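The values are calculated or read from the model by the stated rules, or taken from the named source; none is laboratory data. Because the structure is a prediction, the values reported are computed rather than measured. Cβ placement follows ideal geometry from the backbone for every residue including glycine, while neighbour counts extend to all protein chains displayed. Accessible surface areas use protein heavy atoms only, side chains included; no ligands, DNA or RNA. Shrake-Rupley method; radii C 1.70, N 1.55, O 1.52, S 1.80 Å.
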Amino acid sequence: MPVTLVDDPRPWRLLLIIPLAVSFVLFAFPQAYFIAASFHENLGYGRIGEEWTLANYVRVFTDPLYVGSLLRTIGLSALSASICLAIGFPVSYVIARMTSRRKATLVGLLVAAMFITPVVKDVGLIILLSQNGVVNQALSVFSKPLGWLGSEAGVVVGLVHFTLPLIVLLLGTVISTVPLSLEEAAHAHGASRARVFYGVIIPIVKPGMIAATLMVFNLAMGAFTTPALLGGGRVLTFPILIQRSVILDVDYPFAASLSTILLVSVFCLNVLAGYLMSRQGRFRRMASPAPAAVSTFVKKAA
Amino acid sequence: MARVTLENLAKWYGGQNVLDIVSIDVKEGEFLTLLGPSGCGKTTTLRMVAGFVSPDTGRVLFNGTDMTRTPTQKRRLGMVFQDYALFPHLNVADNVGFALRAAGMPKADISKRVRELLALIRLPAVGERFPSELSGGQQQRVAIARALAHTPAVLLMDEPLGALDLKLREAMQHELAVIQQKLGITTIYVTHDQEEALSLSNRIALMRRGKIEQLGTPREIYRNPATPFAAFFLGKINFVPGKLQEKQAGAYRISTSKGMLLCPTKDERKFSLGDQVLVAVRPEHLRIAEVASQNGSNVLPGRVVRQKFTGKVVQYEVRVDEMTSFIVDGTMDRSIESDAPVQVAWDVSATYLYPYEDDQEIGVGVASTEPQVVEVTGKHEANTLSESLAMT
Ligand SMILES: Nc1ncnc2c1ncn2[C@@H]1O[C@H](COP(=O)(O)OP(=O)(O)OP(=O)(O)O)[C@@H](O)[C@H]1O
Ligand SMILES: [Mg+2]
């Protein structure tokens with residue numbers, strides 16, 4: 001007779017079947033469909049051939065336009081994620097450490113800012129960054145008007161603007177899990193402000209910080225509106241090329257292969273980051289103390 | 001090692017006066033305990049010494065130098081926090097060696113010192129483990145080791161032994177006392193455990209509502225509590241309200257609802273005839289007898305309403321009148337039936353006298369409908385208290 005333990009988690013896992021089924025229908029199924037489509041020939045007018053072929057992929061990887069675009073997209077996304085992290089961290093820290101009622105107001109504003117559609121945000125930026133815009137006027141003391149719009153710099157500004165509220169919220173949540181008393185303990189035992197930051201706060205929040213940065217990076221990798229509006233057709237990121245091959249070329253298999261490449265590269269970059277992170281034994285131990293306890297136990301027994 | 005001077009410290013938190021002019025001079029190498037009920041401002045005072053909280057008025061001086069605006073990391077502190085505050089991302093050895101690394105000590109010296117300290121806290125084998133893999137008591141001991149590693153000038157401890165079981169706590173108390181004496185580190189210790197305060201401290205600052213109620217050696221405060229609250233908070237005490245009737249040679253005569261009581265006159269406090277007063281006596285100074293056989297100056301008749309076995313003593317609750325009950329320490333070898341008429345007697349010299357003031361917190365006041373059973377809500381009984389006092 002099977003004995004059920006009170007702490008047996010298995011019955012609860014059955015509940016996961018429903019979300020699994022939903023995800024499968026909504027995500028896995030269409031993905032599988034377009035991934036399959038990417039291995040067929042384009043017959044024009046939206047029709048897809050029967051034969052299996054790698055031709056679409058060969059075309060992507062032999063054309064410098066697409067390879068360059070992929071690298072550019074990764075580069076711009078990484079740059080804007082890094083800028084987001086650098087700008088967002090201090091802001092999140094201050095918000096996370098706030099005790100007054102203003103904290104709730106600020107978090108509310110952040111959430112609101114996060115849900116503003118990129119179109120609206122970008123239009124604002126276009127006005128600010130235009131040839132005679134506020135930014136160039138302010139900079140006129142130092143330099144000639146800069147061509148922000150239609151440049152990679154403009155796209156990065158747009159991506160940062162688009163993802164900053166999200167990373168501030170995410171980092172704020174992570175930072176507020178670090179008790180203030182840890183900082184105090186570090187100060188009390190002679191640590192300077194910098195040492196507390198690099199020796200205590202950063203190591204503790206690192207996993208969450210990397211996860212937050214990755215999310216922002218992923219958003220930037222998939223962003224279409226911002227590079228389209230601020231890049232003005234001159235900064236060709238991968239999503240823009242995908243859109244073009246769908247709308248202008250009506251080449252669905254090729255668009256599907258571009259999408260697959262974007263999907264796979266984002267996936268691989270995330271897995272790589274996760275792997276690098278987990279190689280630091282510290283994080284693994286903190287996240288799950290139990291295996292570490294077992295390993296010390298095993299070590300002792302051996 | 002440093003002399004720590006707290007000068008007129010005051011702090012308000014949104015209209016609430018949390019500290020109200022606290023001045024203490026902690027001598028070099030002294031073990032001073034801040035003792036008091038929850039919320040009296042012990043932690044706040046300690047955090048001012050640490051530099052986490054700026055006082056609204058007053059100064060903190062180390063060796064006569066004003067440190068009020070010196071950042072924490074420049075104060076050469078060791079600190080044990082109420083919630084341990086061990087670094088979760090560092091293993092025990094790195095936690096203990098934290099201050100040494102911050103001070104730039106060579107690696108080999110650090111690991112040697114860390115080993116010494118782990119041996120000292122009797123956890124020699126946990127260096128590789130992470131704080132989350134330790135029990136609460138073990139974490140607390142690691143926190144103590146971390147605070148001692150760099151031989152700080154001032155050691156601050158906020159209830160460092162709260163999570164330990166009785167035996168381990170006693171062992172650690174002993175250990176702390178030995179370490180502190182050996183190293184001669186000026187120590188400010190926060191606790192609300194009266195026994196711990198009595199047995200560890202050179203002096204105790206008894207606090208209440210942000211003020212220092214009494215500052216003195218454990219003996220002074222226990223033997224000569226300056227206020228009814230001091231008598232109440234350290235050890236156990238019975239109160240009887242009365243009125244000063246007469247002044248004899250060396251003694252006041254106090255009329256109470258059950259008769260006359262005598263109290264020794266002391267120089268420091270002057271009472272005048274007719275004053276409302278509060279007579280106080282500790283349970284261990286009371287004698288209980290079943291018959292009216294007691295002579296001596298202070299005798300009250302009563303009835304045993306309850307008895308409680310506490311291990312070493314039997315605690316009798318003797319109802320003296322509708323309003324007043326006495327806690328009396330009795331021995332086990334002589335059993336007294338409940339509801340038996342008894343006499344409670346004590347020596348005049350063991351009697352304390354205070355001006356009367358309503359104070360429901362300590363069980364003195366008009367509003368109390370319950371009989372005045374005065375009991376300290378501590379884990380330790382009065383007689384262990386006097387014992388630990390005798391040991392120091
Ligand atoms: N940051 C703060 N903001 C507002 N009030 C505070 C703050 N810190 C402490 N207080 C108040 O100050 C008073 C004293 O607090 P403190 O922490 O010093 O008490 P304590 O004596 O250490 O008590 P316990 O024994 O419970 O730790 C309390 O009434 C508390 O509510
Ligand atoms: Mg406290």
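Values computed for the structure shown
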item	result
Using a Förster distance of 45 Å, the FRET efficiency for B:M332-A:L5 (Cβ separation, nearest 0.05)	0.40
The range B:4-223: antiparallel DSSP beta bridges as a percent of all, rounded to 5	55
Shielding of A:195-205 by partner chains, average beta-carbon count, 10 Å	3
The range A:114-179-the range B:202-230 distance, computed between alpha-carbon centres (Å)	62
Phi-based couplings in Hz for the range B:122-139 (Karplus 6.51, -1.76, 1.60; Gly and Pro marked x)	6, 10, x, 9, 9, x, 7, 7, 9, x, 5, 9, 10, 6, x, x, 5, 4
Point-to-point label distance, A:I35-A:L15, nm (Cα→Cβ direction, 7 Å offset)	3.0
Sequence-distant residues sharing a close amide H with B:Q214 (under 5 Å, placed H)	B:L206
Beta bridge orientation in chain B: antiparallel %, DSSP, nearest 5	75
The range B:4-223, relative contact order in percent, only Cα pairs under 8 angstrom and at least six apart counted	30
Gyration tensor (alpha-carbon) shape descriptor, the protein assembly as shown, a/c threshold 1.5	prolate
Candidate lysines for bridging to B:K42, where Cα separation is under 21 Å - those fewer than 8 sequence places away on the same chain excluded	B:K11, B:K27, B:K211, B:K379
Under-5 Å amide H pairs with B:F326, H placed in peptide plane, nonlocal only	B:V318, B:R319, B:V320
Relative contact order, percent, the range B:213-282 [alpha-carbon distance under 8 Å, six or more residues apart]	30
Separation of alpha-carbon centers, the range A:32-65 and the range B:139-157, rounded to whole Å	67
For the range B:32-83 versus the range B:308-327, the gap between their alpha-carbon centres in whole angstrom	41
On Cα atoms only, tilt of B:107-120 relative to the major axis of chain B in degrees	20
Sparse-neighbour loop sites [chymotrypsin sites (Phe, Trp or Tyr not before Pro); the range A:1-97; at most 14 other C-beta within 10 Å; DSSP]	A:Y45
Estimated FRET transfer efficiency (A:T177, B:T265; beta-carbon r; R0 56 Å; 0.05)	0.35
Reachable lysines from A:K206, criterion Cα separation under 27 angstrom, eight or more residues apart if same chain	A:K103, B:K107
Computed E for A:F24/B:H174 - FRET, C-beta separation, R0 60 angstrom, nearest 0.05	0.40
Trypsin sites (Lys or Arg not before Pro) restricted to DSSP loop in the range A:195-287 with at most 11 other C-beta within 10 Å	A:R279
Percent carbon-and-sulfur accessible area, chain A, ignoring ligands, DNA and RNA, probe 1.4 Å	73
Sequence-separation-based contact order of chain B, relative, with Cα cut under 8 Å and 6+ spacing, percent	15
Shielding by partners - mean other protein chain Cβ count within 10 Å, residues of B:88-94	5
5 angstrom amide H check on B:V80, placed H, neighbours 5+ away	B:L156, B:M157, B:D158
The range B:99-187: GluC sites (Glu not before Pro) falling in loop per DSSP and having at most 14 other Cβ within 10 Å	B:E128
Threshold 50 Å² - residues in the range B:100-115 whose accessible area is reduced by that much or more when the chain is no longer isolated, probe 1.4 Å	B:A102
Hits among lysines - C-alpha to C-alpha of B:K112 under 28 Å, sequence gap 8 or more where chains match	A:K299, A:K300, B:K74, B:K182
Cα gyration tensor, chain A - rounded (a/c under 1.5), prolate or oblate	oblate
